[in-house]
Amino acid sequence: MKKQGNAEIAARIDSLMQSLESETLTKEQMNECYRELDLIKKEYDLFDIAFEESGKSGIKDISGRIRVPAMYKEFPALFSYHCHRNGPIAAMDFNDKYAIVATDGTGAPLCDFKYDYIYYMFGTDNFFVCLDGEGDNVAGGVLNAKGELIVPCKMDTIYEFANNYAAVEKNGKFGLLAYDGTFIEPIYDDVEDEEGVIKVCKDGKWGYLSRDLDFIAEEEWERMENIELLDLFTFPCSRQKD
């Protein structure tokens, strides 16, 4: 069983993370910092701790710092001290509705408590999936870390992030959400990436998207030579497009 993390361990993690930000660190020193961090994660439970006061729940980290005061009913997930350190967290109010709230010690809601469920999309550092509706009419959307709805709660399926984007599906059509928040409406028959360059199928024909999100058929080689294609490893992507 892992030992419970504490203020001393939190301070050591802070020191190691600060060292890793140094531009003068050698590769050997960097590797040594990562090795020590891995040992700490294996030996200690670093997850935030839920606590109660007057029938309400709050969250504090292993150092004892209160991230969210005792003001909500519960939290669907907690984070480790070395992960998602300053980002918001999902919380449930006493009407059993969800929002994301600040973890700066205020617990201030960053959006309305109106969602049926919210969970963190690991690997993004920014985005949360929210579910809205009942029974077979449940639809998904995406909130960013500011509480802004960047994908409307109308999607049938929102897939996990991979290669810097998450595919979204509605009524058998596909779109995507890029890591930087660019949202492409689900209007395509299929969507995939080809070494980071987005490829889509539209009306049965495969092609690519420009950085302005215009469709370019595979056979339009001359056009592609003069237009920058949408590359999900270069950000920001572009504007939104219906």
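The values are calculated or read from the model by the stated rules, or taken from the named source; none is laboratory data. No experiment lies behind these values; they were computed from the predicted model shown. In this analysis, Cβ positions are derived from the backbone assuming ideal geometry, glycine residues included, and neighbour counts consider all displayed protein chains.
Odds and ends about this structure:
- Whichever residue in the range 31-53 is under 24 Å from Lys73 (Cβ atoms) and of a type in the set (A, V, I, L, M, F, W, C) and, among such residues, is surrounded by the most Cβ atoms within 10 Å (Cβ to Cβ): Phe47
- Residue match in the range 15-30 (condition: under 22 Å from Asn126 (Cβ atoms) and touching a Lys or Arg at 6+ places or on another chain (Cβ under 8 Å)): no
- Subset of the range 66-89 [more than 14 Å from Ala108 (Cβ to Cβ) and modelled with pLDDT of 95 or more]: Ala70, Lys73, Glu74, Phe75
- Number of the exception - Glu23 against (1) surrounded by 13 or more Cβ atoms within 10 Å (Cβ to Cβ); (2) not in a helix (DSSP H, G or I): (1)
- Among (1) farther than 26 Å from Cys153 by Cβ; (2) not in a strand (DSSP E or B) - the single one Asp180 does not satisfy: (1)
- Each residue in the range 106-137 was checked for being at pLDDT 95 or above and either within 12 Å of Gly87 (Cα to Cα) or basic (Lys, Arg) (or both), and 2 pass.
- Flag if Val168 is in a strand (DSSP E or B), within 26 Å of Lys97 (Cα to Cα), at pLDDT 90 or above and not small (Gly, Ala, Ser): yes
- Subset of the range 79-105 [hydroxyl-bearing (Ser, Thr, Tyr) and under 28 Å from Leu16 (Cβ atoms)]: Ser80, Tyr81, Thr103
- A residue that is surrounded by fewer than 17 Cβ atoms within 10 Å (Cβ to Cβ) and acidic (Asp, Glu) occurs somewhere in the range 156-163.
- Taking the criterion of being assigned to a loop (DSSP other than H, G, I, E, B) and out of contact with any Asp or Glu (no Cβ under 9 Å at 6 or more places or on another chain), the residues of the range 69-82 that qualify are Pro76, Ala77, His82.
- Gly58 meets the stated requirement of being farther than 14 Å from Tyr115 by Cβ, of a type in the set (Gly, Ala, Ser) and buried (at least 19 other Cβ atoms within 10 Å of the Cβ).
- Boolean, Ala11 is under 22 Å from the mean Cα position of the chain (by Cα) and among the small types (Gly, Ala, Ser): no
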